[in-house]
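Structure first, then comments.
Any read-out appearing in this document is the output of simple, stated calculations on the displayed coordinates, not a laboratory observation. Predicted model, so just to flag it, every value in this text is computed and none were measured. Every residue, glycine among them, receives a Cβ derived from its backbone with ideal geometry; neighbour counts consider all protein chains shown.
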Amino acid sequence: MSIIEKKRGIVIALDVTDVDSAVELARQLCDLEGNFVFKIGRPLEMQRGYKVISEIKKVSRIPVVYDGKIADIPYISSRIAQIAYEAGADAVIVHGFVGRDVIESILELNRGDVIVVMSMTHPGASQYINPIAKQLVETVNTLGVDGVVLPATKPEIIASVAPVLRENIYIMSPGIKVQGAKVGDAIRAGADYEITGRAIYGASDPKKAAEELYKEILEV
């Protein structure tokens, strides 16, 4: 059973490079009412290593996703995932283009949610990654992953993939606000979570900004 629920929510990307600021932000947001998830990416991880996951978990009950964009051979990929899980991550993100054997190696750990990147937001993704999104559907469905990542900036991709995913797989969509997608675009297309970072941690009142964004997606 997935740790992260399949229902409308906000993923807060902690894409800052100051660990103390990230921990303080997590502390400020720890009592948010609603369906929220934290996402820790490589920029923050590289400041203090995997232990930053533990530091965030200590100050908040909100689930944490390790967004390492894992993309290596099965042995190395599973080791990376295992370290993240042991540090307290509730989920890890792995690239789908590396193949089913890599995804299987992480699923076999049975330590937390596995989320697969099927498509990305940047223009260069149209060269190689985005065209194979539909091909990855069979892989994620048969392997039984917990979630997938599809870009809010490409709602047509979400709309084409969402109906053919297994009903228990949740969709997380980056690209809200700063990257151009409007709040609610991904939800309308079939996503469950919208991912945003700067719109929250760059706000004068991060908690209020998160609450307002959450209210907006519930009203879509």
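Of Tyr85, Tyr50, Tyr75, how do they rank once you tally other Cβ atoms within 10 Å and put the fewest first?
Working: Tyr85 20, Tyr50 17, Tyr75 10.
Result, fewest neighbours first: Tyr75, Tyr50, Tyr85.
Do any GluC sites (Glu not before Pro) in region 98-191 lie in a loop, going by DSSP, with at most 13 other beta-carbon atoms within 10 Å of their beta carbon, and if so which?
Here the sparse-neighbourhood loop sites are Glu108, Glu167.
Residue by residue, what Karplus-based ³J(HN,Hα) values in Hz, rounded to whole numbers, does region 125-133 have, using 6.51, -1.76 and 1.60 with θ = phi - 60° and x for Gly and Pro?
5, 5, 6, 10, 7, 4, x, 9, 4
Taking region 37-127, which trypsin sites (Lys or Arg not before Pro) meet the DSSP loop condition and have no more than 12 other C-beta atoms within 10 Å?
Arg61
Checking the table Lys58/Lys207; Lys69/Lys134; Lys57/Lys207; Lys51/Lys154 against a 23 Å threshold on Cα-Cα, which pairs fail?
Lys51/Lys154
Which distance in nm do the two modelled labels at Gln135 and Asp72 give, with both placed 7 Å along the Cα-to-Cβ direction?
For the pair Gln135/Asp72, the computed spacing is 2.5 nm.
Over the chain, what relative contact order in percent results from Cα pairs under 8 Å that are six or more residues apart?
Relative contact order, the chain: 20 percent.
By how many nm would the segment from Cys30 to His122 grow when fully extended, if each residue of separation counts as 0.36 nm and the alpha-carbon distance is taken off? Display every interim value, and only then the final one.
Values: separation 92, 0.36 × 92 = 33.12 nm, distance 3.06 nm.
Computed gain between Cys30 and His122 is 30.1 nm.
Report, to two decimal places, the Cα Rg of region 9-219 normalised by 2.2 N^0.38 Å (N = number of residues). Walk me through the intermediate numbers first.
On the way: Rg = 16.1 Å, N = 211, 2.2 N^0.38 = 16.8 Å.
Its radius of gyration relative to the 2.2 N^0.38 Å reference: 0.96.
Points 7 angstrom from Cα along the Cβ direction at Ala159 and Arg188: gap in nanometres?
Calculated label separation equals 0.9 nm.
Show which aspartates and glutamates lie in cross-link reach of Lys6 when reach means a straight Cα distance below 13 angstrom and same-chain residues fewer than eight apart are skipped.
Partners within reach: Asp113, Asp146, Glu167, Asp192, Glu194.
Given the options Tyr66, Tyr128, Tyr201, which has the most mean-square fluctuation in a GNM of the chain, springs set between C-alpha atoms less than 10 angstrom apart?
Answer for the Gaussian network model of the chain: Tyr128.
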